[in-house]
Amino acid sequence: MRGYYTDFKLIAMKLRRQGLTYSEIQTRLHVKIPKSTLSFWVSDLNLPASYNKKIRILNEHSRRKAIKAKRKIFEKQLANFIIINNQLINFALQNKDMQKIILAILYFGEGSKWISHKGLSLGSSNPLIIRLYCKLLRNVYNIDTDVLRARISYRADQDIAELTRFWSKATGIPKNHFYKTKCDPRTIGKTTKNLEYKGVCVISCAGTKKQLELETIAKRIAQKVGR
């Protein structure tokens with residue numbers, strides 16, 4: 001077998017001088033010569049100046065291909081999670097008590113606590129979380145967006161008028177229900193790199209008793225589960 005491979009040595013060396021990779025050489029020769037053998041044959045050869053650029057392009061192509069493949073696997077997993085949990089999701093959407101538990105856990109994690117703030121107040125930079133919170137307030141406590149107030153914490157290089165339009169559309173809260181705020185002074189002179197970042201939207205309304213109820217539910221669940 002070694003002699004058989006050796007018959008291709010001169011051709012392999014010629015192709016290598018032209019800047020072909022080991023895989024390309026194997027393809028041209030129509031023979032799966034071990035890369036270790038090819039490396040031994042051509043180790044002392046000078047490669048063309050364009051070879052390094054070619055390798056960078058090939059590596060970038062491989063990287064993008066790998067990312068795309070991983071993305072497909074990830075999306076398939078997400079779709080499968082939806083299918084196997086579809087019954088649970090539908091139950092949560094139709095059951096008011098379940099929605100109350102979801103709201104309690106959400107508020108326990110993201111909302112302002114009673115000790116430092118009196119009334120319902122929750123902030124997030126994620127529009128999905130803010131929309132979920134507003135929807136649950138309506139479903140559980142019949143709190144409509146007309147009584148909600150909002151403020152936006154934002155960076156110095158962001159346009160507060162544009163941010164207000166964004167969050168008003170995302171939440172359904174009228175723009176005149178947004179409090180005037182100032183940018184974070186720590187961000188002055190700094191560029192916002194994440195173009196998807198729309199600041200932190202804080203939703204608030206009266207409801208100290210509701211705040212205490214949600215905290216009590218969440219804490220009790222945490223205590224029982226954590227035993």
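The values are calculated or read from the model by the stated rules, or taken from the named source; none is laboratory data. Predicted, not measured: the structure shown is a model, and the values here were computed from it. Here the Cβ positions follow ideal geometry from the backbone for every residue, glycine too, while neighbour counts run over all protein chains shown.
Quick check on the stretch 44-64: of everything there that is within 17 Å of L15 (Cα to Cα) and among the aliphatic types (A, V, I, L, M), which residue is surrounded by the most Cβ atoms within 10 Å (Cβ to Cβ)?
L47
Only one of these conditions is not met by G189: (1) among the small types (G, A, S); (2) farther than 13 Å from I152 by Cα; (3) in contact with a strand residue (DSSP E or B) (Cβ under 8 Å, 6 or more places away or on another chain). Which number is it?
With (1) among the small types (G, A, S); (2) farther than 13 Å from I152 by Cα; (3) in contact with a strand residue (DSSP E or B) (Cβ under 8 Å, 6 or more places away or on another chain) applied to G189, the lone miss is (3).
What do you reckon, is S62 under 29 Å from N194 (Cβ atoms), part of a loop (DSSP other than H, G, I, E, B) and without any contact (Cβ under 8 Å) to a residue 12 or more places away in the chain?
Answer is no for this residue.
Taking into account only those residues within the stretch 65-114 that are assigned to a helix (DSSP H, G or I) and small (G, A, S), which is surrounded by the most Cβ atoms within 10 Å (Cβ to Cβ)?
A104
So which of R165, R149, R138 is assigned by TED's automatic domain parsing to the domain that holds Q99, more than 17 Å from T208 (Cα to Cα), modelled with pLDDT of 95 or more and of a type in the set (K, R)?
R165
Can you confirm whether S124 is surrounded by 14 or more Cβ atoms within 10 Å (Cβ to Cβ), within 26 Å of L93 (Cα to Cα), hydroxyl-bearing (S, T, Y) and at pLDDT 95 or above? Please lay out each step first, then the result.
Working: surrounded by 14 or more Cβ atoms within 10 Å (Cβ to Cβ): yes; within 26 Å of L93 (Cα to Cα): yes; hydroxyl-bearing (S, T, Y): yes; at pLDDT 95 or above: yes.
It is true that S124 is surrounded by 14 or more Cβ atoms within 10 Å (Cβ to Cβ), within 26 Å of L93 (Cα to Cα), hydroxyl-bearing (S, T, Y) and at pLDDT 95 or above.
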